[in-house]
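What follows is a single structure, written as structure tokens, with notes after it.
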Amino acid sequence: MAVVQTGSSEYFTDWTDVGPYSLTVPLDAEAAVVMFGDMYPWSSNWMAANPVEINSVNVPTVQKTDEQTSNWQLWAGVLAEPDTGAQDLDYTFGQDPDSGLCCIVDYYKGNDVTTPVGDSAQELTANTDITGLTANSGDMMVGFVGSQTNITSVTDGGQTQIDLQGEFNNYAIGAACLDGATGFAYTGGSTQTAIALILSQAAGAPAAPAGKVRIVFTGA
């Protein structure tokens, strides 16, 4: 069973490092992918280790780029089997972001709920795509980029745009996904960092080709 998007992505901005924000989690969602973009100027390692919760359940951190101060900073996490319907997204990063805070949340189904993230990577060098991830057809690559100026495109290489937001107090973000991709590409912006993760598909028997019947023998 391949990983696919479900429901609608959600975007919001904030001037503080403390939530909550009200989400609407689709009834069939099996993973919530959360990305925050913010920049506390000239401060490294300021993001809390586990700063985000959905309905009081920790969203495990996958990657964060606050080990450096040269480029804009990102945090990304994934929660498998989130509570559905109206939920609170709570966050406490540790310091108010001087440049404002932006968030994108999107939802998936068909993923492995035990180990939802098969691989992940970050890129701290500006104007540099992420490559070299391990993924199979049916896995979903989800990528994010944070930038000081507007990003031109996140549909490079056939990626599907999740969201592309212009500058909020000098912070612009974009997100995209692509089945089976082993990297994340973008165009435009400045002082960027990027994060990409692979949502692993759930185990299961492959579907029969269209127009044909798959016969399974269960005994002699």
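Summary table
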{"quantity": "Some residue of the stretch 78-85 being touching a Leu at 6+ places or on another chain (Cβ under 6 Å), more than 20 Å from Leu124 (Cα to Cα) and of a type in the set (Ser, Thr, Tyr)", "calculated": "yes"}
{"quantity": "Every residue from the stretch 23-67 that is more than 24 Å from Val113 (Cβ to Cβ) and in contact with a strand residue (DSSP E or B) (Cβ under 8 Å, 6 or more places away or on another chain)", "calculated": "Gly37, Asp38, Met39, Tyr40, Met47, Ala48, Thr65, Asp66"}
{"quantity": "Any pair with Cβ under 7 angstrom, 6 or more apart, that starts in the stretch 159-171 at a residue that is of a type in the set (Asp, Glu) and ends at one that is part of a strand (DSSP E or B) and surrounded by fewer than 21 Cβ atoms within 10 Å (Cβ to Cβ)", "calculated": "Asp163/Ser9; Asp163/Tyr11"}
{"quantity": "When residues of the stretch 9-65 are limited to those that are of a type in the set (D, E, K, R) and at pLDDT below 90, the one nearest to the chain's Cα centre (by Cα)", "calculated": "Asp38"}
{"quantity": "Strands (runs of 3 or more DSSP E) lying entirely in the stretch 1-90 (those with 1 or more residues that are of a type in the set (Ser, Thr, Tyr))", "calculated": "4-14, 21-25, 61-64"}
{"quantity": "Boolean, Ile162 is closer than 24 Å to Ala202 by Cα and touching a Cys at 6+ places or on another chain (Cβ under 8 Å)", "calculated": "yes"}
{"quantity": "Check on Gly100, of a type outside the set (A, V, I, L, M), touching a strand residue (DSSP E or B) at 6+ places or on another chain (Cβ under 8 Å), at pLDDT below 95 and at positive phi", "calculated": "yes"}
{"quantity": "Residue match in the stretch 103-110 (condition: in a loop (DSSP other than H, G, I, E, B), under 20 Å from Asp28 (Cβ atoms) and at pLDDT 95 or above)", "calculated": "yes"}
{"quantity": "Residue list for the stretch 116-147, filter: buried (at least 22 other Cβ atoms within 10 Å of the Cβ), outside any strand (DSSP E or B) and among the acidic types (Asp, Glu)", "calculated": "none"}
{"quantity": "From the options Ile195, Ile173, residue that is β-branched (Val, Ile, Thr), under 17 Å from Thr61 (Cα atoms) and crowded, with 23+ Cβ neighbours inside 10 Å", "calculated": "Ile195"}
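Listed here are the residues, each with its yes/no results for (1) out of contact with any Gly (no Cβ under 8 Å at 6 or more places or on another chain); (2) buried (at least 18 other Cβ atoms within 10 Å of the Cβ); (3) free of Cβ contacts under 8 Å to residues at least 40 places away in the same chain.
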position	(1), (2), (3)
Phe12	yes, no, no
Trp15	no, no, no
Pro20	yes, no, no
Leu23	yes, yes, no
Ala32	yes, yes, no
Gly37	no, yes, no
Tyr40	yes, yes, no
Ile54	yes, yes, yes
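The values are calculated or read from the model by the stated rules, or taken from the named source; none is laboratory data. The model shown is predicted, which means the values in this text are computed figures rather than measured ones. Because the Cβ atoms are built from the backbone with ideal geometry, glycine has one as well, and the counts that use them run over all protein chains shown.
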